[in-house]
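Everything below concerns the one structure shown next.
The values are calculated or read from the model by the stated rules, or taken from the named source; none is laboratory data. Model, not experiment: these values are computed from the prediction. Positions of Cβ are backbone-derived with ideal geometry, glycine not excepted, and every protein chain shown enters the neighbour counts. Note: areas computed on protein heavy atoms with side chains; ligands, DNA, RNA excluded. Shrake-Rupley method; radii C 1.70, N 1.55, O 1.52, S 1.80 Å.
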Amino acid sequence: MHPLTTLACGNAKTSGAIAEVHSHLANSLDRLLVRARTLKNDGNQVDLALFGPSLGRATIEVALTAILARFDPFRVLAIRKAQLSTDYDAKIRNPLAFNWTSDVKGEDNPKDWASRPGIRDVQRALLCKHFNDLFWEEAFTAMIDAVPYHRGKTWMAKLKRINPEGFVTSMRTNADRIYSELSKGVHHEFVIPMTAQYDAITVVDLLSRSWELVGSLSITSCYSPVIKPLETIDPLDLYEESQEELYS
Amino acid sequence: MTVQGNLDRNLVLAAEDFDLQEFRALHKFSANDERVVAKLIAHGPVLLQGSRGSGKSALMREAAERLPLAPNSPALGVYLSLRHMPLLRSAGDEYQRILCELLIDRVNRIVSESPYSFDASPTLSSVQKGLTDLAQILQKRIVLMFDDAAHIGREASLADFFDVFRTLGSSAVSCKATIYPGVTNFGNRFDVYNDATVVDVIRDEDQPGFAALFAEVVKARYPELAERPFASDLTLEDFASFVGKSVLGNMRSFIFACNDVANSEDKSVGLPTLGKCFLEMTTNFYWPLIDEVKPKLGKYVPIVGPAKDIAETLLAECGRQQNPSVIIHRDIISRLAKAFEILEYVGFISKRESSKAMKSGGRGSRYAINLCMLLEHVPGTRLTADLFQKWKMRDDEPVQLHSKATSLATIRLPDLAANQDPEILNDPVEVLRKSPAYPYGISDRMVEKLHAAQILTVRNLYEATEQQLDAIDYVGEYRVRQLKNVVAQAIWL
């Protein structure tokens, strides 16, 4: 497994429906990372413009689904259940499918805790305010207090400049921007040649930002008391190996 | 060229002052720098953030040089330094018009020797259309790199600048600009995190390639120093890494330190050489630097006094404990934020972590302290082998300063007046005399000659044309350049 795959998905589950989901997400993410890195190192401008945005966007989608599943398996198990249903029709959009706005971003102004939210008001999007208040701020604070000064390389140096209260806002803004830029390449929005805007260096930069985003969320999640710790391996080692491997 | 000439040449510090060949020979980039350059070349709005002398201009110029007007170039890079007095003094439509004129002139220079042309009048809409048309003809993106846009002494223009920055960006045009951490005011219409990606120029000793980068710089800029014998407890890599760490990764300060060591008469470079260099840097570089910067800070001038008090407190406390790392409670930081930003800007301290748990409860930010300045406050003021190892290894827990227990608690920041022009403009031209703040300043005789020519203030000198200066008796081509350099140093951050 690629170190970033293990960092994002955690150790393999041994049984049950969640093991099946984990296995699928981990294998998919692993292939996406390896393919994207090969594409980057090959440096073919046309291939990068055509395939790079798709690989980058898929990497973000799969990795963020995997991280969400580690915090909240309910969501991915519900999707699985819907897909296994006899009524599942591939031609029709599945209302339970993973969705960027409702599963990652969340609403812009969710109900505050002081406003006595009901269960329907509490959001479960990965980077929403409620998720931050319940999981991320605690995990990020634990991480920046625990990581020694000389560990984590460049990605960690950047994370350490963020305040715990600003972590999720920063990640959400970043994720939204990268996803939007990648999506323009995926949907072939341009009628002029793709390479005019998605030149090699722009696509490589987008891929690099995607990996850093996934790495940042993955390493932080590893410091949440809610998440099952990785077995026999230090997440910081994986975090550093990911940077070495992806930038080599 | 004489040795002195060589040394003076080594102290040309602004990236924009080098011709391309020199720039390429003397500027080195680490793997992390390469990633920053890639972000500057790639599509999308980027704000490059870093303190004075951190190397922002060099990175931006390098990115622009990699985007020539050539068929195989992925985009066309347009580097534009906004060190232009009328921009500093204008606002609103007038600011936009002047900026558009500068941009039109720059693009026209780039395309002048090609079959292409750039037609635009000095309005934002016309420049926007002209750039889009040019990108269409070239079949490639245009990357606008605005250097020195952020002048913290004058905030009004910055809101105007960021309006231009946001408006010109499109699918065909990418805008990039350099900014200063914390002290750049973006105006109400620019959302820094939604309208651009902020990229920090970070050089800290924990980054891969830190030691190698600074060793490369020594070899490129000071080959004679790289060839000199080092004492048994020091190698070139140790020297470069330790000095780089001591100046908090600031490239400009590093060059000054190397220059000092290169001028040393010590037969071999050892810890005593470094110790002398650090004390010299403290007296003749860092403290004069904050005095040099002060008159450019506009409404923030009154904060410089408290900022110096804070620096003295931090240096005394950390010096006593021989510890170059300090966590300061967030209540203190939030109350004295602007003063801390100024200290970061001049390179006295560098924020390494925004939030860290403190032993007695609460949280604070961790700063690295400039080791050159710290040495002066260490008992004995000597860089001993033990101290060298201690600072190199950095195993100690940081010093912790809590909200009530330190003399920082008594420091207050004054209220600030409304926007003001940097006061340096109205200072008499005598302030530019040779001094620690202006090591390449002007002579008494030159002051007399300028007075005789009715050039009485810094503003008069800046506004004088090269022809006007050349016409003054005693001033020739060399001195015109010297005058223009020293006045630029005085005005621009």
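Local charge for B:Gly50 was computed over the other residues whose Cβ lies under 15 Å away, with Lys and Arg +1 and Asp and Glu -1, and equals +4.
In straight Cα distance, which lysines are under 20 Å from A:Lys184, not counting same-chain residues fewer than 8 positions off? Candidates past the 8-residue exclusion: A:Lys40, A:Lys105, B:Lys39, B:Lys140.
Percent of alpha carbon pairs in region B:206-298 separated by more than 20 Å? Of the Cα pairs, 35 percent sit more than 20 Å apart.
Determine the shielding of peptide A:199-206 by partner chains: average, over its residues, the number of Cβ atoms on other chains within 10 angstrom of each Cβ.
Numbers: counts 8, 2, 12, 10, 2, 3, 10, 3.
Mean shielding by partner chains, rounded to a whole number: 6.
What you get for chain B, charging only the Cβ of Lys and Arg (+1) and of Asp and Glu (-1), is a dipole of about 940 debye around the Cα centre. When the solvent-accessible area of chain A is split by element, carbon and sulfur atoms take up 53 percent of it, the probe being 1.4 Å. Near B:Thr381, within a Cβ-to-Cβ distance under 13 Å, what is the net charge of the other residues, with Lys and Arg +1 and Asp and Glu -1? In short, +1.
Shielding value for A:149-156 is 4, the average number of Cβ atoms from other chains within 10 Å of each residue's Cβ.
Shown is the FRET efficiency for A:Ala82 and A:Asp121, computed with R0 = 22 Å from the Cβ-Cβ distance and rounded to the nearest 0.05: 0.40.
Each of B:Thr167 and B:Arg412 was given a label point 7 Å from its Cα along the Cα-to-Cβ line. The distance between the two points is 4.3 nm.
For every other residue with a beta carbon closer than 11 angstrom to the beta carbon of B:Lys276, add +1 if it is Lys or Arg and -1 if Asp or Glu, then tell me the sum. Net charge around B:Lys276: -3.
Mind giving me the FRET efficiency for B:Lys219 and B:Tyr478? R0 is 45 Å, r the Cβ-Cβ distance, nearest 0.05 is fine.
Once rounded, the FRET efficiency stands at 0.95.
Rg and Dmax, both from the Cα atoms of region B:345-493 and both in Å, are 23.1, 67.
With q set to 0.10, 0.18 Å⁻¹, the log10 of I(q)/I(0) for chain A, from the Debye formula over equal scatterers at the Cα positions, is -0.50, -1.51.
Give me the tail of P(r) for chain B as a percent: Cα-Cα pairs with distance above 35 Å.
Numbers: 43709 of 121278 pairs.
Tail of P(r) above 35 Å: 36 percent of Cα pairs.
Quantify how strongly other chains surround peptide A:132-144 by giving the mean number of their Cβ atoms within 10 Å of each of its Cβ atoms.
Details: counts 0, 0, 0, 0, 0, 0, 0, 0, 1, 4, 1, 0, 7.
For peptide A:132-144, the averaged partner shielding equals 1.
Partner lysines whose Cα lies under 24 Å from the Cα of A:Lys111, excluding those fewer than 8 positions away in the same chain, are identified as A:Lys129. In terms of packing, defined here as the mean over residues of other Cβ atoms within 10 angstrom, the peptides B:298-311, B:108-121, B:349-362 line up highest first as B:298-311, B:349-362, B:108-121. Legend: residue pairs A:Lys228/B:Lys338; B:Lys294/B:Lys351; A:Lys13/A:Lys153, Cα-Cα distance threshold 32 Å; pairs beyond threshold, A:Lys228/B:Lys338.
What order do B:Glu292, B:Glu224 take when sorted by accessible area (1.4 Å probe), most exposed first?
Numbers: B:Glu292 10, B:Glu224 90 Å².
Sorted descending by solvent-accessible area, the residues read B:Glu224, B:Glu292.
Farthest towards the positive end of the charge dipole of the protein assembly as shown, among the residues B:Pro398, B:Tyr440, B:Ala63, is the Cα of B:Pro398, using unit charges on the Cβ of Lys, Arg, Asp and Glu.
Per residue, the Cα convex hull of the protein assembly as shown amounts to 186 Å³.
Counting only lysines at least 8 places from B:Lys267 when in the same chain, those with an alpha carbon closer than 22 Å to its own are B:Lys219, B:Lys276.
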